[in-house]
1. Could you tell me whether Glu157 is more than 21 Å from Thr539 (Cβ to Cβ), surrounded by 11 or more Cβ atoms within 10 Å (Cβ to Cβ), of a type outside the set (Ser, Thr, Tyr) and in contact (Cβ under 8 Å) with a residue 40 or more places away in the chain?
2. Return the total of residues in region 425-451 being at pLDDT 85 or above and either in contact with a helix residue (DSSP H, G or I) (Cβ under 9 Å, 6 or more places away or on another chain) or among the aliphatic types (A, V, I, L, M) (or both).
3. Residues of region 461-471 being crowded, with 18+ Cβ neighbours inside 10 Å and closer than 17 Å to Gly152 by Cβ, which ones?
4. Tell me whether region 89-109 contains one or more residues that are over 30 Å from Glu207 (Cα atoms) and not small (Gly, Ala, Ser).
5. Return a yes/no flag: does region 399-417 have any residue that is within 19 Å of Ile349 (Cβ to Cβ) and of a type in the set (Lys, Arg).
6. Anything in region 26-47 that is more than 13 Å from Val58 (Cβ to Cβ) and in contact with a Pro (Cβ under 8 Å, 6 or more places away or on another chain)? List them, or say none.
7. Determine the pairs where a residue that is in contact (Cβ under 8 Å) with a residue 24 or more places away in the chain and part of a strand (DSSP E or B), located within region 625-653, has a partner that is surrounded by fewer than 16 Cβ atoms within 10 Å (Cβ to Cβ) and small (Gly, Ala, Ser) with Cβ atoms under 9 Å apart, the partner being 6 or more residues away or on another chain.
8. Taking region 472-488 only, how many residues are surrounded by fewer than 18 Cβ atoms within 10 Å (Cβ to Cβ) and within 20 Å of the chain's Cα centre (by Cα)?
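The values are calculated or read from the model by the stated rules, or taken from the named source; none is laboratory data. Here the structure is a predicted model, which is why all the values come from computation and not from measurement. Cβ: placed from backbone, ideal geometry, glycine included. Neighbour counts: every protein chain shown.
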Amino acid sequence: MAIVEVAISIPLHRTFDYLCDQEIETGVRVKVPFGAKKVIGIVLSNKDKSEFKKLKSVEEILDESPILDTPILNFLFWAAKYYHHPIGEVLLAAMPKNLRLGKPAVIKKVIGLPNKIQAPDFDITEEQDRAIKAILAKQNAYHGFLLHGVTGSGKTEVYLRITQEILNQGKQVLVLVPEIGLTPQMISRFESRLDTRVVAIHSQLNETQKLDAYLLAKETQAGVILGTRSAIFAPMPNLGLIIVDEEHDGSFKQQSSFRYSARDLSFIRAKQADIPLVLGTATPSLESLKNAMDNKLTRLTLANRAGGAIMPKVSLIDMRSNFDGALSKLLIEKMQQYLAKGRQVMLFINRRGYAPVYFCTECGWKSECSHCNASMIYHRHINRLKCHHCGDEKMPEQTCPDCSQSTLEVYGYGTERLEETLGSHFPDTPIIRIDRDTTRRKKALAQHLEKINSGDPCIIVGTQMLAKGHDFSNLAMVGILDIDGGFLSINFRATEYLAQLLIQVSGRAGRGLEQGEVVIQTRYPDHPMFNYVLSNRYTQFASGLLKQRMSAAMPPFAHQALLCANAKNKQNAQEFLQEVAGLLKNVNMDTVEIWGPVANSIEKKADYYYFNLYLQSNDRSALHQMLATFNQHVDAIKLKNKVRWYLDVDPID
């Protein structure tokens, strides 16, 4: 009997041996007994002998040929090692659910080829031409590029032209976008221009569609795979190019279970496949700017908008002298002027719901979640108070629980209240609200975007979902509301994120021939960041931030890992991390700093108390050595089974 090594999706850093009456190729799925259950595993090798005496036998071989070929297995092994995550969980997380359940690897519906290809009816700019030539000159070897183009500079056109060249050589192209909302727009652009099968991979597809897309990529029937972060694991045997659009976006980081960064992994995948990598953005992350400074990326700039469009004018409204609620008189006047000309206006507020605070004007009581250290958000259309952390909801109180007075009111604005307020100012103008609440239904987002793209005058109210990538040709003005929280955040990356957000949102305005306008309402008009945003000097602002980070020895000049423990018993979570800190301090590695444990910024979520331990080092290998030591000795920690814990390498929050 042969012996096979099998990886199973369990939270242990080890594999398991099974007997089999034949040798099985690496990367094939098998059904094996595990405890009292039958589970799906991936074969990693064939062995002559095992260190274990009594081995169970493989029950069923599910594939004739490997589901995971050698290049993708090597990529996943690297990811598991870097993020210190169990190999079985990584391998199975990289596959569609139907394959994890043991269903046959069969394509149900082959997506058709595009009906009609349209050649572009415009010439590219000199800047675009230079960028395209620079990338294609390195098409047969690994090379990283940072395509830094102002909003509306035609980065997508560069993507399309280099993709066509790679396709002409019979190779495949992987395109990553941060949000599901950007996927349909990007797909339609690629399909209208490229004579190849373009398939999507993202979470709003059903399981059959996800499996079909995965297998079309694996069998090279799809030339372009376009998707959100999980698409980084799509098997593409003829991969010739990787494009990461909006590379600065935090959505590329997975924030649960296997906590990988698709942007960071794109470097490794491109290196292993020996192909070029293009990171595109108007607001590069500090990590990418530092990589460009260190010559790990070649920076290509598109400083001008395509098609003769000019950058919008940006102005500030000082809200310290405005007491009219969320909308200042000046903002309303400007909106009226643009709507009267038949143009569209967008208001950005990064908070959904009706109002963030439900409180008593008499005694100051406010409604808080009983399961979290967080306020309940009032949602008027369902007349409910909802917690945006644990999902709990309840009917709003009629009288104050503390003083029994009927003096309860809402304070602050969310998208829902803003929509209602706008209705009273602009009764005859359609208002389109785009947030997580209005786009829950399948195809709801596509329907909203279709209305906006018709070009009819309207007011668009949106959250971060609208901040990037969208190209609305008749959108003349963008108003940005309630962003001051970014100046008060405890996250050291907050001002970087805020500057990126303001420039990205501003970039939606005036993408046609007429100049657009951006109006920012703030109580901190003298903040130095606005000087850079107003004059579109993001690079200079980011350079200043990089100097601050270097002097403070913070990322990207240092490497971090976060160990988070949570438990219903607060003491257990805290003591577990104290024990871990003690263990790690015994490792005697001076180059790694250990901070904590400290309570999370929201200490209690869904009845669990969260505590963090931070590890930081200028030496990446020393940090990883310490994390490996932790994984080897975690079983010795007494409280291990009384807490839930996870490790986050290169955290962004």
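1. yes
2. Just the residues of region 425-451 that are at pLDDT 85 or above, to begin with: 425-434, 448, 451.
Cutting the leftovers down to either in contact with a helix residue (DSSP H, G or I) (Cβ under 9 Å, 6 or more places away or on another chain) or among the aliphatic types (A, V, I, L, M) (or both) gives us 425-426, 429-434.
Of the residues in that region, 8 qualify.
3. Selection gives Leu466, Ala467, Lys468, Gly469, His470.
4. Taking region 89-109 as the starting set, the residues that turn out to be over 30 Å from Glu207 (Cα atoms) are none.
The answer is no, given that none of the residues of region 89-109 is over 30 Å from Glu207 (Cα atoms) and not small (Gly, Ala, Ser).
5. The first filter runs over region 399-417 and keeps only residues within 19 Å of Ile349 (Cβ to Cβ), leaving 410-417.
Among the residues that remain, those that are also of a type in the set (Lys, Arg) are: 417.
Yes.
6. Across region 26-47, the qualifying residues are Thr26, Gly27.
7. Tyr646/Ser256; Tyr646/Ser257
8. The number of residues fulfilling the criteria is 0.
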